[in-house]
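Following: one structure in structure tokens, then a few remarks.
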Amino acid sequence: MADEFNTDGMLDMYLFENEQLLEQLQEMVLEQKDAECFDEDSINEIFRTMHTIKGSSGIMMFDNITAIAHKLEDVFYFLRESHPDNVPHLELVEHVLEVEDFISGEMAKIKEGQSSDGDPSEIIDDLNQFLDKIKGNGNGEKAAKDIPENVHEEAKQFYIAPVANADSRFYKITVHFFQETEMSNVHAYKVVYALKEIAEDILYSPEEILTDESCADVILEKGFRILLQAQASEEEIREIIGIGYDIEKVDVLECKAEEFLKGFKFGEEETGIDLDSSVEEIEAKAENALEVKKENKIAPGDFVVKPKEQTKPKKVVKEKPKADNKATFISVNVSKMDMLMDLIGELVISESVVMQNPDLKVPGLDLTNFNKAATQMAKISTDLQNVIMSMRMVPLTNTFQKMNRIVFDVSRKLGKDIEFEMVGENTEVDKNIIEHISDPLMHIVRNALDHGIESNEERKAAGKKEKGKVTLSAKNEAGKVWISVTDNGKGLDRQKILSKARQQGILEEGKPDSAYSDKEVYQLITLPGFSTNDQVTEYSGRGVGMDVVVQNLQAIGGMLEIESTPGEGSTMNLKIPLTLAIIDGIVIETGTSSFVVETGLVKEFVSVREDMMIHEPNGDEFIMLRGECFPVLRLGDWYELENYCKNVEDGMMVVLELDGKTICMFVDKLVGKQEIVVKPIPSYIKKIKGLSGCTQLGDGSIALILDPSGFVE
Amino acid sequence: MEELSRPNTKAVAVPDEFSEQETQKGMYMTFKSGNEYYGLKIQYVNEIIGFQDITPVPETENYIMGLINLRGRIIPVIDVQKRFGQEPFEYNDRTCIIVVDVKSTTVGLIVEKIAEAVEIKDENILPPPTISRVDRIQNKYVYGIAKVGDSVKLLLDPERLLGEDEQQTAEQTNELMVEN
């Protein structure tokens, strides 16, 4: 296959679609993990998802994925058809997640260009056992027997009429074949085929007449039922169907449109019972049923028919209230987005070139109309910038959902009873940032589960209410995103951390424990190699991790704050910039160079007098501001710039606050505040302390973006 | 395509198949820096732009002059003459920046004067003599010496020209140590 077509595009599509399906699946399963059982919609949804995955994997020839999806599909087919009562729900959830993991794992392999070679047979065996088990206790043996094995289903065959008009009449038709008819399904298809000539809409049951030979028996036993919308009269229909050598009897009943819409009187309960009833009884029942109508009706589900919206608007709304809420998405290559972003940046710059064009400065020009048009254009380009920025923003939902899964797995493995709560998962963050916080967040959540929350016994002993709880919350505040992981466990043990730190020689010799604030102590756990857990578990305790978490966060300009109350739990606060691509900055000038500093870091600007300065003999300088003493950093000195202003009275002090430290940066002058598009410094130039990127200013010149944390190190 | 490319590449060994690569084969962009003329394979050359304002970047090697804004792309520029350790020259309006693409890195090279694009046959390229009058540092970037008519062009290997500096200084010291 690979030789014949270029399957790359197909493969990408396959991976992308299935990833999304699996994500949705997981979300749905976890949402209902605490329920008694899956509701009908979810069962249908899972069934459908597995069906789709099975189909596409079959096309791509990933047999192991096909096999496992097929098995899970079988399980849900059974659930869907026979509604067994006593399904061990948690076990089912685990099975579904297991399958999901397997498929994700295989897809990851495929993505990396390896062959998908995982062996699903173990999981399939488990599923088989599980299926046998629920079949055994199912809703009566008959029901179980009655459900035909779920054979591969092709696309459903139903015909949707293009139009319906007032003259249309609706019929319920039941065709009974002679009992000795062979291949009654094919005969049934013949009938459908004939009716198609006149039909505006036709539905029939059983619907797999061409693909599933086993339905021949069903047709023989219960008759072949058709719902027909046509303009023809009853006689015409009878003529078309025509009692022949194969057809014993045809019932044609005219009905109302609403009844038609309600679909077949096709209840599973009935199906089960009917098996043992005589043919006559069934017929009688069917007849009855047609008269009694309304009760026990099961609307044609998505698999039976998709009604045409135009003719049946009510139906659609009723059937899929959820589907309508979902926004539609297309996936776009990120590099295209970046390109668009760059272009818009260019547009903004060339706009300012036009606006500030020296030609406009000729005295005596009447620019009224020009200015009107220019204002309009400026407005549009600002909107454009906002839209592109919002396009890069993605809600945290998926990331949080992953954590939900981790809580589920870990808490079961550790035997802890843990509740998980998510708050504000719709908070939007730049896509680039989301990619970077997933791992740190996972680590923190695991830590909370493993170290934070005590075992059930310990909790009891401490007199806490039984359930441990982990809350993951996100909020948007002051241009930053705050994500916090809170647990109601034992909290951090200050004494233990301190003694461990002493042991490892991290603390300063001779400095008493009391000299360290709680915050400082808690910050110790983020140092490499530090772990207070005496036992190494599967999930944590090796002392590798928190330092990596902090490193990862710092890489995207984030911070970690730890709060803890002994006995009541701890909170890890992650403070993360909303986006990396655009920052609100203050443009400053020193010497001939322009620099930008993030507005959030600037506490104030101060004009100082020489007598406020304190000079140390070694060249260090300090400044007294309102009775407090801060270190001074001359930007020009730091970068050895030329021609910068040396006299403090001619320049400007920018007071910066970062990580609780305050420094004063001395610059020549302030230029202004503006939104800037962050661009990386080309990798050809090696990393420079204190610089985090560069940007283009309105006049096309380049300014360097300062990262003051580099000054403090 | 064939008709068009044939005249351009008449004498060069261009067999049956023509492509941009093929037509560019043997073509060199030459420029003057100091007293010498240098050549760069034309495949590396992206474009040539006039001199424009450069934003200096602190704490970089002396030959990295800073950043320029190339239609929204921010690229570093280096001064070839400084890179060779020669005397720097005054930039004027004849100064050009050759934008080269080397292994997905885009860098501007500031050169004193663009000469011309010439065609150099493989047989006219000689490996640099081991004892050359060109100084050692310069020699590292030159992979061949080409005869074009009466003049001599030094052919530059742009990868080495842009390559990691630590590595180069390391090599440099090694070489010097061997020498001594």
Review point. To the nearest Å, what is the center-to-center distance of segment A:642-694 and segment A:14-69, using C-alpha atoms only?
Key: 52 Å
Study note, to complete from the structure: HN-Hα couplings for segment A:594-603 via Karplus (6.51, -1.76, 1.60; θ = phi - 60°), in whole Hz with x for Gly/Pro, come out as 9, 10, 10, 10, 4, 4, x, 8, 7, 8
Study note, to complete from the structure: With a ≥ b ≥ c from the Cα gyration tensor eigenvalues, square-rooted, and the rule rounded for a/c under 1.5, otherwise prolate when a/b > b/c and oblate otherwise, segment A:8-146 is prolate
Point to revise | Peptide B:55-67, shielding by other chains (average Cβ, 10 Å cutoff) | key: 6
Check your understanding: Full extension from A:Asp39 to A:Ala461: what is 0.36 nm times the residue separation minus their Cα-Cα distance, to one decimal in nm?
Key -> 148.1 nm
Revision key, fill the gap. Here the net charge surrounding A:Lys519, from other residues whose Cβ is less than 10 Å away from its Cβ (Lys, Arg +1; Asp, Glu -1), is -4
Exercise for review: For A:Lys475 and A:Ser233, calculate 0.36 nm times their separation in residues minus their Cα-Cα distance, and state this gained length in nm to one decimal.
Suggested key: 80.6 nm
Study note, to complete from the structure: Taking A:699-706, B:99-106 and ranking on average Cβ neighbours within 10 Å, highest first, one gets A:699-706, B:99-106
**Study point:** Residue-by-residue Karplus 3J(HN,Hα) for segment A:412-423, coefficients 6.51, -1.76, 1.60, Hz, glycine and proline x
**Key:** 5, 5, 7, x, 9, 8, 10, 9, 10, 10, 10, 10
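By its C-alpha gyration tensor, with a ≥ b ≥ c as the square roots of the eigenvalues, how is segment A:582-712 shaped: rounded for a/c under 1.5, else prolate for a/b larger than b/c, else oblate?
The shape class here is prolate.
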Point to revise | Environment charge of A:Thr375, counting only residues whose C-beta is closer than 15 Å and scoring Lys/Arg +1, Asp/Glu -1 | key: 0
Practice item. Can you check what the net charge comes to around B:Asn62, using other residues whose Cβ is under 10 Å from the Cβ of B:Asn62 (Lys, Arg +1; Asp, Glu -1)? Key: 0
Study note, to complete from the structure: Note, segment A:642-657: 3J(HN,Hα) by Karplus (6.51, -1.76, 1.60, θ = phi - 60°), whole Hz, Gly/Pro = x, goes 9, 6, 9, 7, 8, 7, 4, 6, 8, x, 9, 9, 9, 8, 10, 10
Exercise for review: Please list the non-local residues whose amide H lies under 5 Å from the amide H of A:Leu492, H modeled 1.01 Å from N, same-chain partners needing a gap of 5 or more.
Suggested key: A:Thr565
Revision key, fill the gap. Of the listed links A:Lys336/B:Lys103; A:Lys336/B:Lys82; A:Lys33/A:Lys465; A:Lys646/A:Lys673, those spanning more than 30 angstrom between alpha carbons are A:Lys336/B:Lys82
Study note, to complete from the structure: Expected sort for A:Arg48, B:Arg83, A:Arg502 with the fewest Cβ neighbours (10 Å cutoff) up front is A:Arg502, A:Arg48, B:Arg83
Exercise for review: When a/c is below 1.5 the answer is rounded, else prolate if a/b is larger than b/c, else oblate, so apply that to segment B:26-163 with a ≥ b ≥ c taken from the square roots of the Cα gyration tensor eigenvalues.
Suggested key: prolate
Check your understanding: Shielding of B:70-82 by partners, i.e. mean partner chain Cβ atoms within 10 Å per residue?
Key -> 3
Check your understanding: Binning every alpha carbon pair distance of segment A:394-577 at 10 Å from zero, what are the percents per bin?
Key -> 9, 37, 36, 16, 2
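Please report A:Val186, A:Val678 as a ranked list, fewest other C-beta atoms within 10 angstrom at the top and most at the bottom.
A:Val186, A:Val678
Scale the Cα Rg of segment A:334-388 by the rule-of-thumb value 2.2 N^0.38 Å and send over the ratio, two decimals.
1.38
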Check your understanding: What is the list of residues in segment A:411-435 whose amide nitrogen lies under 11 Å from a point 7 angstrom out from the Cα of A:Met337, following Cα to Cβ?
Key -> A:429-435
Practice item. Within 10 Å of each residue's Cβ, count the other Cβ atoms and sort A:Thr590, B:Thr95 from fewest upward. Key: B:Thr95, A:Thr590
Study note, to complete from the structure: Of the listed pairs A:Lys71/A:Lys111; A:Lys500/A:Lys661; A:Lys172/A:Lys196, those with alpha carbons more than 20 Å apart are A:Lys71/A:Lys111; A:Lys500/A:Lys661
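Only the coordinates and a few stated rules stand behind these numbers; no lab work does. For clarity, every value in this text was computed on a predicted model and none was experimentally measured. Every residue, glycine as well, gets a Cβ built from its backbone with ideal geometry; the counts of neighbours run over all protein chains shown.
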